[in-house]
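Presented below is the structure to which this report refers.
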Amino acid sequence: MDPFIRTTSFAGFRELVSKLGRDPIPLLERFRVRPELLDDEDARVPLRSLVGLLEYTAQELDCADFGLRMAEYQNLHVLGPIAVIARNAVTAGHALAEIVRFIGYHSSGVQLDLDRSEPQAPRLEIGLLLPGTMPQRQMVELAMGVAHNTMKLLYGANFSAKAVLLSGVSPLPPARYRRYFQTEVYTGQGCNALVLTDQQLNQRIEQQDPNLHRALVQYLSHFNLQSSSDLVDQVQRLVLRMLPTQQCRLPLIAEQIGLHERALQRQLAELGCRFDDLVEGIRRDRADFYLAERDIPMSQIAGMLGYSEQSVFNRACRRWFAMTPGARRRQLLAQRMSSPG
């Protein structure tokens, strides 16, 4: 089942499209989004609809930075009750951890992780759990822009990340990203992330209300929406994080979770999963995602998937798709060209 997202994430769409000289209603209807839903904070639509809408609109309006422009209309408050929990946390780091914990309330297709494995460079990583190979750059840049705005709200107006990492490639000039994020931005990375500092995470939030925080945590916990507590989800997020390091091995994953590797294997088996199968599935899915981007070199894709040599990636592609990486890329690009909308 495809993931959904709350319609608060459409904030600014109508205003921005109108500002660019177009009527937003036909664009929304093209992707089966009823315009009146955008005024209902509790409404949800398929995440695929928002992702497709942003990509199509950017192309139709010849606006390559549409996602970043739309992010200027949004901040932490699009997350509804999650935003209230975050604003009443003790520190910015605590607030981010709560957002990661409850993001499933907002969308089951948005994946967040606060990676503190490198003490001098903690990272807020952002991804989409959307099956298939449809372009996602506008949605990713919208999410990254909102994350940046969220940190400005939590830390202060002078917030600036140490760096911003973006996966894939982009037609936008580097100066456009630097102007928005006020820091160096690196594209073609293994993940999308804000690289932060300990000082930023330890920034105390003023005027927090512990009672309100506790009540809302209990409220959202009642709906069992803390996807980060699910073992399979934890393993998948760690695999995605560790693949580009070429250190994605069962003992290290188990150590991160706090289990002996045999205990992790046993618990996964009880859930009908095998570690190797999870890694294989993630690699295959990410391979298609990267190959669908014309300009990412094959050697870079191999590295981002955790392969030390491109020849190993080549063999994996033949196993998955019965063709070489180059042939798979041509097939994916042809499918994208022929797909409607």
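Find, among the trypsin sites (Lys or Arg not before Pro) in the stretch 150-258, those assigned to loop by DSSP (not H, G, I, E, B) with at most 16 other beta-carbon atoms within 10 angstrom.
Passing sites in the stretch 150-258 are Lys162, Arg249.
With a 1.4 Å probe and all protein chains kept in place, how do Glu270, Glu125, Glu280 rank by accessible area, largest first?
Descending accessible area places them as Glu270, Glu280, Glu125.
Rounded to the nearest 0.05, what FRET efficiency is calculated for Ala121 and Ser338 with R0 set to 51 Å and r the Cβ-Cβ distance?
Plugging the Cβ-Cβ distance into 1/(1 + (r/R0)^6) gives 0.75.
So what is the relative contact order for the stretch 83-193, in percent, with contacts set as C-alpha pairs under 8 Å and at least six apart?
Computed value for the stretch 83-193: 20 percent relative contact order.
Of Pro119, Ser311, Gly104, which is farthest along the charge dipole of the chain in the positive direction, counting Lys and Arg as +1 and Asp and Glu as -1 at C-beta?
Looking along the dipole axis, the top candidate is Ser311.
So, in Å, what gap is there between the alpha-carbon centers of the stretch 43-79 and the stretch 89-103?
24
Scaled to the compact-protein estimate 2.2 N^0.38 Å, what is the alpha-carbon radius of gyration of the stretch 135-203, rounded to two decimal places?
Taking N as the residue count of the stretch 135-203, the ratio is 1.07.
Summarise the accessible area of the chain (1.4 Å probe, protein heavy atoms) by the percent that is carbon and sulfur.
Its accessible area is 48 percent carbon and sulfur atoms.
Give me the percent relative contact order of the chain, please, defined on Cα pairs under 8 angstrom at least 6 residues apart.
16
Which residue fluctuates the most in the chain, going by a Gaussian network model with Cα springs under 10 Å, if the choices are Gln120, Gln300, Gln234?
Largest GNM mean-square fluctuation: Gln120.
Working with all protein chains in place, sort Tyr105, Tyr290 by solvent-accessible area computed with a 1.4 Å probe, largest first.
These residues rank, largest area first, as Tyr105, Tyr290.
Please list the radius of gyration and Dmax for the stretch 1-46, considering alpha-carbon atoms only, with Å as the unit.
Cα radius of gyration and Dmax of the stretch 1-46 are 10.9, 36 Å respectively.
Once the piece of chain linking Asp62 and Thr245 is laid out straight, how much longer is it, given 0.36 nm per residue of separation minus the C-alpha distance between them?
62.2 nm
Determine the sum of side-chain charges near Met70: Lys and Arg each +1, Asp and Glu each -1, restricted to other residues whose C-beta is under 13 angstrom from that of Met70.
That works out to -1.
Over the residues of the stretch 1-129, compute the C-alpha Rg and express it relative to 2.2 N^0.38 Å.
1.13
How much area per residue is accessible in the stretch 166-274 when the probe is 1.4 Å and only protein heavy atoms are counted (Å²)?
57
With label points built 7 Å along Cα→Cβ from the Cα atoms of Arg284 and Asn314, find their separation and express it in nm.
2.2
Stokes-Einstein diffusion coefficient for the chain at 20 °C in a medium of 1.002 mPa s, Rh from the Kirkwood formula over Cα pairs: what value in µm²/s?
Stokes-Einstein gives a translational diffusion coefficient of 102 µm²/s.
In what order, largest first, do Met298, Met337 sit by accessible area if the probe radius is 1.4 Å?
If we order Met298, Met337 from most to least accessible, we get Met337, Met298.
Say R0 is 45 Å: what FRET efficiency, to the nearest 0.05, do Asp2 and Glu206 get from their beta-carbon distance?
0.70
Work through the residues other than Thr133 whose Cβ is under 11 Å from its Cβ and net out their charges, Lys, Arg +1 and Asp, Glu -1.
+1
Between Ala215 and Ala322, what is the FRET efficiency for a Förster distance of 51 Å, r being their Cβ-Cβ separation, to the nearest 0.05?
Calculated value: 0.40.
Pick out, in residue order, every one of the trypsin sites (Lys or Arg not before Pro) in the stretch 21-84 that is DSSP loop and has at most 15 other C-beta atoms within 10 Å; say none if there are none.
Arg22, Arg32
If each residue of separation counts as 0.36 nm, what is the full-extension length gain between Thr187 and Val232 once their alpha-carbon separation is subtracted?
13.3 nm
What do you get for GluC sites (Glu not before Pro) in the stretch 20-79 restricted to DSSP loop and a cutoff of at most 15 other Cβ within 10 Å of the site's Cβ?
Glu41, Glu72
Note down the net charge around Ser107, summing +1 for each Lys or Arg and -1 for each Asp or Glu among other residues with Cβ under 9 Å from its Cβ.
Result for the local shell: +2.
What nm value, rounded to one decimal, do you get for the distance between Ala263 and Asp42 when each label is placed 7 Å out toward the C-beta?
With each label placed 7 Å out from Cα toward Cβ, I get 4.1 nm.
For the chain, what is the mean residue ellipticity at 222 nm derived from helices alone (per DSSP H run of n ≥ 4: -39500 (n - 2.57); sum divided by total residues; nearest 500 deg cm²/dmol)?
Rounded to the nearest 500, it is -16000 deg cm²/dmol.
The values are calculated or read from the model by the stated rules, or taken from the named source; none is laboratory data. The shown structure was predicted, so the numbers you read here are calculated from the model rather than taken from an experiment. Cβ sites come from the backbone with ideal geometry, for glycine too, and all protein chains shown count toward neighbours. Note: areas computed on protein heavy atoms with side chains; ligands, DNA, RNA excluded. Shrake-Rupley method; radii C 1.70, N 1.55, O 1.52, S 1.80 Å.
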